[in-house]
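The values are calculated or read from the model by the stated rules, or taken from the named source; none is laboratory data. If you're wondering where the values come from, they're calculated on a predicted model, not measured in any experiment. Note that we place each Cβ from the backbone using ideal geometry, even for glycine, and neighbour counts take in every protein chain shown. With ligands, DNA and RNA removed, areas are computed over all heavy atoms of the protein, side chains included. Shrake-Rupley method; radii C 1.70, N 1.55, O 1.52, S 1.80 Å.
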Amino acid sequence: MEKAIVEKLIDTAIAQLQFSYTPYSNFKVGAALLGRDGKIYTGCNIENAAYGPTNCAERTAFFKAVSEGQREFDAICVVGGRDGALTEYASPCGVCRQVMMEFCDPESFRIILAVSREKYDIFTLKELLPLGFGPAHLA
Ligand code: THU
């Protein structure tokens with residue numbers, strides 16, 4: 001991936017941390033999802049007093065994008081940490097990986113885990129969700 005795009009996604013994901021609603025865990029997560037249309041769809045985690053309805057940052061970004069008509073994606077950057085401090089990678093939960101599997105090609109979709117512009121790693125969805133079950137299995 002082009003470095004300028006990676007850095008833009010990292011900056012955008014970090015900027016989302018300010019919107020993260022986390023009165024229960026205080027673990028703040030930001031996401032920046034790159035659509036095939038070139039647009040960046042943003043997301044933060046949104047917690048709930050009943051815990052179960054909590055939505056992860058990644059799914060917030062995906063659902064915003066899909067609800068606006070975008071269904072094809074190239075990459076997502078995810079950042080997060082306790083109190084919003086970025087000390088290690090915030091890796092997508094299993095549910096979010098499955099949502100990615102619904103809309104993304106596991107071989108080419110890139111997941112950028114970052115703590116800063118300088119420290120990040122890029123994974124394919126296939127690496128984070130081997131043998132994933134997706135729409136192709138029902139085709
Ligand atoms: N969280 C995310 O936003 N993304 C993930 O993939 C992992 C977990 C959020 C959910 C909850 O608000 C907090 O992190 C602690 O689990």
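Give just the number: which of (1) of a type in the set (A, V, I, L, M); (2) in contact (Cβ under 8 Å) with a residue 60 or more places away in the chain; (3) farther than 28 Å from residue 23 by Cα does residue 86 not satisfy?
(3)
Here are some residues: 106, 130, 135, 53. Which one is more than 16 Å from residue 11 (Cβ to Cβ), free of Cβ contacts under 8 Å to residues at least 12 places away in the same chain and either in contact with a Leu (Cβ under 6 Å, 6 or more places away or on another chain) or more than 12 Å from the ligand (Cβ to nearest atom) (or both)? If you could, list the steps in order and put the result at the bottom.
Values: 106 fails: free of Cβ contacts under 8 Å to residues at least 12 places away in the same chain; 135 fails: free of Cβ contacts under 8 Å to residues at least 12 places away in the same chain; 53 fails: either in contact with a Leu (Cβ under 6 Å, 6 or more places away or on another chain) or more than 12 Å from the ligand (Cβ to nearest atom) (or both).
That would be 130, the only listed residue that is more than 16 Å from residue 11 (Cβ to Cβ), free of Cβ contacts under 8 Å to residues at least 12 places away in the same chain and either in contact with a Leu (Cβ under 6 Å, 6 or more places away or on another chain) or more than 12 Å from the ligand (Cβ to nearest atom) (or both).
Among (1) touching a strand residue (DSSP E or B) at 6+ places or on another chain (Cβ under 8 Å); (2) open to solvent by 40 Å² or more (accessible area, probe 1.4 Å), there is one condition residue 44 misses while meeting the rest; what is its number?
(2)
So which residues in segment 13-41 are part of a strand (DSSP E or B) and either within 11 Å of the ligand (Cβ to nearest atom) or open to solvent by less than 40 Å² (accessible area, probe 1.4 Å) (or both), if there are any at all?
Within segment 13-41, 21, 27, 28, 29, 30, 31, 32, 33, 34, 35, 41 qualify.
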